[in-house]
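Enquirer: Structure in structure tokens, see below.
Bear in mind that the values in this text are calculations on the coordinates, not laboratory data. Computed from a predicted model, the values in this text were never measured in an experiment. A quick note on method: Cβ atoms are made from the backbone with ideal geometry, for glycine too, and the neighbour counts reach across all protein chains shown.
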Amino acid sequence: MNVFSIIATAIKNTFRNKLRTTLTVIAIFIGAFTLTLTSGIGTGVNTYIDTQLSSVGAKDVLTVTKKAPAFSTVSGPAKYDPEASKGRVATTQGPPGSTIPSLSAADLSAIAGVKGVISVDPTVTVSPDYIEYATNGKYQLAVNNFASVTKPPLAAGAQLDYQASANQIVLPTDYISSLGFTSDADAVGKTVSIGISDVTGVQHVVTATVVGVQEQTLFGGGAGLNRQLTSELNTAQHLGQAAGAVQLVGSSTVRVDPNATEAQITLIKSDLDAAGFTARTVSDQIGTFKTVIDGIVAVLNAFAIIALIAAGFGIINTLLMSVQERTREIGLMKAMGLSSGRIFGLFSTEAVFIGFLGSAMGCAVAIGAGTAVSNALANGPLSGLPGLQLVSFTPLAVANVILLVMAIALVAGTLPAYRAARQDPIESLRYE
Amino acid sequence: MKKSYGTGANRFDALKGVSLDVRQGESVAIVGKSGSGKSTLMHLLALLDEPSSGQVMIEDKDAKTLKGKRLNSLRNAAFGFVFQQFFLTPGASVLENVILPLKIAGMGAKDRRARGMEVLAQLELVDKAKNRATDLSGGQKQRVVIARALANRPRVIFADEPTGNLDTATGAVVEDILFSLNRDDGITLIVVTHDEELAAKCDRRIYIRDGLLVEAVAA
Ligand SMILES: Nc1ncnc2c1ncn2[C@@H]1O[C@H](COP(=O)(O)OP(=O)(O)OP(=O)(O)O)[C@@H](O)[C@H]1O
Ligand SMILES: [Mg+2]
């Protein structure tokens, strides 16, 4: 019997008992449907993060903090250590309320001393009161403190120039009409006034030029300020402070050569690590986020695979019944000279075909349903995140699901196929 | 040859020492009462089973030396089987049943069909080619089984009670077909039967009782 006849015969045999095959196929269908959908969600979310990252994350900017001491293994409060406990600052990394050691002037110069570091700026947080263009009214101004480490996609204008000696600002698209600009392009080059209160409550006004208008992204929708504007606002907000007061900073922004390779950046990171600092790029920070998503998707996939394994037992059951029913036929074929290997192949192919039927239908329906739901979400609840397709399918992922299911089916088919192959022709022909 | 089934207390000697030879082109009847070991003997001759002791020589070669592929292709190409209980694949068409040995032999779909229709014509079943095998009458089924046995142009046909399930008239038709194949095409015929009339039409009759050969009668 040639391979083609084996496949054709196996397919034909699959449809001999339609009800039984259908029930088995439904079980596989459910598993394959779930697996396709969950892996689609993984692909969709990760693709979104990746595109956001590639458009947003600046490769040449690192956020550097002092290395936090390892978590205490002793329960209760840690013993006071004047060195480690002095001047801790709040951080948004880690659980709420986390603190990290602040960076001293000596730390900053140590960072600047690492080979490959071009500049070090303490990361300061400025909280302006309002923004106003001409006399069109004052609006609250949210500042994106990530601005210096990101390069958001622009609707108009240019990115911030961190070295510029003039005050520069990049506004999010939703500020444009409120502030009184006629279009995104209209805003570029215009001067806006920013109000900020100092420690004594006196309001100061700083002017800045709009250099660009940015699209909404996942990472902070606030306005981006360049280095000069940040430092001018920082000076203004600390006016009236007692002489000699120090401002504690937890992290610093380090710039390296924009053309540095991955390996060079890794080297800089490990040098900083040796000096007692933790350096992370935006993608490192978001990588943690991706790990969490991957974890969730892996758990969902595991559930789908459990369903598929259950369906595998369905295949074993179905085929064992077929082998039983076809005992005489198997005996006859063996008597007519069909080898045990071919009999094994015949039943294995049947198992794989059942797996293929279930998974192909499961994938097709999952793609249809997933795409419909994803489009509905993108136009509805998730319209605030342009470019996010919650569920997305790559041909490779779909092919992998189908192949995985066929592999499970093949494994499930071995027991019945082995039974069939082992049958003694005489015994089979005597079978009542 | 001897053949025993089971071991220990359950051991049963179905054949207690049988020796015979069959020449090409002969028709041989194996006759005996139920349970005497006729089918067992036929299975040994058809290489479907191996004797517990003794040997089967085919064209002066010990069948034991034929293994796996060679044994399968010999059974497929040289032997045709007609079983008492038809063993037709239910649901499949008459033609599909008939071409099963050709499919096993690995013949192409087109040639298979052509040869299948040829043997169906020989057995006057062309108009039933597309019918489901299970929908035929007993006599028609037995003719389909003979057509299937003939499809690969075998040199030997083994028939176990070919007329056992048929009424006298239909049985006679099937007998005629088998003997004409033996006479006209030189196909060796080995028939297992307890029907003396059928046995009488063969060149030679081998009588067995309780696993022993009691007498061999030549016509
Ligand atoms: N697999 C087996 N295990 C144990 N005993 C068996 C087996 N196969 C056959 N026998 C026994 O061997 C004896 C001969 O069986 P066989 O089938 O050859 O009889 P037979 O002459 O063909 O009878 P019938 O005319 O009824 O078909 C019987 O007694 C049967 O019970
Ligand atoms: Mg018998």
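Enquirer: Placing +1 at every Lys and Arg Cβ and -1 at every Asp and Glu Cβ, with all other atoms neutral, what dipole size does the protein assembly as shown have around its Cα centre, in debye to the nearest 20? All intermediate terms of the calculation are to be shown ahead of the outcome.
Expert: Details: 57 positive and 54 negative charges, 389 e Å.
Charge dipole, the protein assembly as shown, about its Cα centre: 1880 debye, nearest 20.
Enquirer: Could you tell me how many degrees, from 0 to 90 and to the nearest 10, lie between the Cα long axis of helix B:109-122 and the main elongation axis, the longest principal axis, of the Cα atoms of chain B?
Expert: Rounded to the nearest ten degrees, it is 80.
Enquirer: Fully extended, how many nm does the chain gain between residue B:172 and residue B:55 (0.36 nm per residue separation, minus their Cα-Cα distance)?
Expert: Working it through step by step, the gained length comes to 38.6 nm.
Enquirer: While we're here: Determine the calculated [θ] at 222 nm for chain B from helices alone, applying -39500 (n - 2.57) to every DSSP H run no shorter than 4 residues and normalising by the residue count; nearest 500 deg cm²/dmol.
Expert: Helix-only estimate at 222 nm: -10500 deg cm²/dmol.
Enquirer: Helix B:138-150: angle to the longest alpha-carbon principal axis of chain B, degrees 0 to 90, nearest 10?
Expert: 80 degrees
Enquirer: Straight-line reach from residue A:66: which lysines have Cα under 27 Å away, leaving out those fewer than 8 places along the same chain?
Expert: The reachable lysines, counting only those whose Cα sits under 27 Å from residue A:66, are A:79, A:86, A:115, A:151, A:269, A:290.
Enquirer: Quick one: Karplus J couplings for the range A:160-173, per residue in order, coefficients 6.51, -1.76, 1.60, θ = phi - 60°, nearest Hz, x for Gly and Pro?
Expert: Ordered by residue, 3J(HN,Hα) equals 5, 9, 5, 8, 4, 8, 9, 6, 10, 9, 10, 9, x, 4 Hz.
Enquirer: Can you sort B:180, A:102 from fewest to most other Cβ atoms within 10 Å of each residue's own Cβ?
Expert: B:180, A:102
Enquirer: Let me ask you something else. Rank A:40, A:140, A:362 by how far each Cα sits towards the positive end of the charge dipole of chain A (+1 on Lys, Arg Cβ; -1 on Asp, Glu Cβ) and give me just the farthest.
Expert: A:362
Enquirer: Hey, another quick one. Please report A:132, B:118, B:59 as a ranked list, fewest other C-beta atoms within 10 angstrom at the top and most at the bottom.
Expert: Listing A:132, B:118, B:59 from fewest to most nearby Cβ atoms yields B:59, B:118, A:132.
Enquirer: What is the local net charge at residue B:94, summed over the other residues whose Cβ is closer than 13 Å to its Cβ (Lys, Arg +1; Asp, Glu -1)? All intermediate terms of the calculation are to be shown ahead of the outcome.
Expert: On the way: positive: B:113, B:128, B:130, B:132, B:141, B:143, B:148; negative: B:96, B:124, B:127, B:135.
So the environment of residue B:94 carries a net charge of +3.
Enquirer: Among the listed pairs B:103/B:141; A:12/B:110; B:38/B:69; B:103/B:130; B:67/B:103; A:334/B:61, which have their C-alpha atoms separated by more than 24 angstrom in this model?
Expert: Violating the 24 Å Cα-Cα cut-off are B:38/B:69.
Enquirer: Just B:65, B:40, B:170 to compare: in a GNM of chain B, with alpha carbon springs under 10 Å, which one fluctuates most?
Expert: Result: B:65 has the largest fluctuation of those listed.
Enquirer: Calculate the length of the line joining the C-alpha centroid of the range A:291-339 to that of the range B:148-219, in whole Å.
Expert: When both Cα centres are located, 45 Å separates them.
Enquirer: What size of dipole, in debye to the nearest 20, comes out for chain B about its Cα centre when the only charges are +1 on Lys and Arg C-beta atoms and -1 on Asp and Glu C-beta atoms? Working shown, then result.
Expert: Details: 31 positive and 27 negative charges, 190 e Å.
My answer is approximately 920 debye.
Enquirer: Pick out the long, greasy-scoring helices in chain A: whole DSSP H runs spanning 20 Å or more along their own axis by Cα, mean Kyte-Doolittle at least 0.5.
Expert: A:18-56, A:282-325, A:340-379, A:395-422
Enquirer: For A:108, B:150, what's the fewest-to-most ordering of other Cβ within 10 Å of each Cβ?
Expert: A:108, B:150
Enquirer: With +1 on each Lys and Arg Cβ and -1 on each Asp and Glu Cβ, and nothing else charged, work out how big the dipole of the range A:60-281 is about its Cα centre, in Debye to the nearest 20.
Expert: For this selection, approximately 520 debye.
Enquirer: Which far-off residues, 5 or more places away or on another chain, put their amide H under 5 Å from the one on residue B:58, with H placed in the peptide plane?
Expert: For residue B:58, the qualifying residues are B:63.
Enquirer: What is the set of long-range amide H partners of residue A:204 at a cut-off below 5 Å, with H atoms built 1.01 Å from backbone N?
Expert: Answer set, sorted by chain and number: A:196, A:197, A:198.
Enquirer: I've got another one for you. Residue A:15 to residue A:216: extension gain in nm, 0.36 nm per residue of separation minus the Cα-Cα distance?
Expert: 67.0 nm
Enquirer: Summarise the long-distance tail of P(r) for the protein assembly as shown by giving the % of C-alpha pairs beyond 37 Å. Present the calculation step by step, with values, prior to reporting the outcome.
Expert: Working: 127128 of 211575 pairs.
Distances greater than 37 Å cover 60 percent of the Cα pairs.
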